[in-house]
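Written below as structure tokens is the structure these notes are about.
The values are calculated or read from the model by the stated rules, or taken from the named source; none is laboratory data. Remember, it's a predicted structure, so these values are computed and weren't measured experimentally. Ligands, DNA and RNA are stripped out before the accessible areas are found, and what is left, the full protein with its side chains, is counted by its heavy atoms. Shrake-Rupley method; radii C 1.70, N 1.55, O 1.52, S 1.80 Å.
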Amino acid sequence: MPSRPSSTAAAAARHAIREEEQRARKARERRNKAITLSVCAFVFFALAGTTTYLLFTVKG
């Protein structure tokens, strides 16, 4: 039994690790994008609601 894995096995392991890292990075980016979009939507609707409330109460 060789003490070290063959070069093809090592290359396959590196490739699998790289693929897993890329998959994890894409998932993290998707999650961050969803959080950013949620925050932006919340701020937008909060501002729209506040503006509408102020317009109707000031004109009242």
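Brief remarks follow.
- Degrees separating the helix 7-59 axis from the principal Cα axis of the chain, which is the longest one: 0 degrees
- Just the protein heavy atoms count here, and of the accessible area of the chain at 1.4 Å, carbon and sulfur take up 66 percent.
- Rolling a 1.4 Å probe over the heavy atoms of the protein chains gives the chain an accessible area of 96 Å² per residue.
- Cα-based Kirkwood hydrodynamic radius, the chain, one decimal, Å: 16.0 Å
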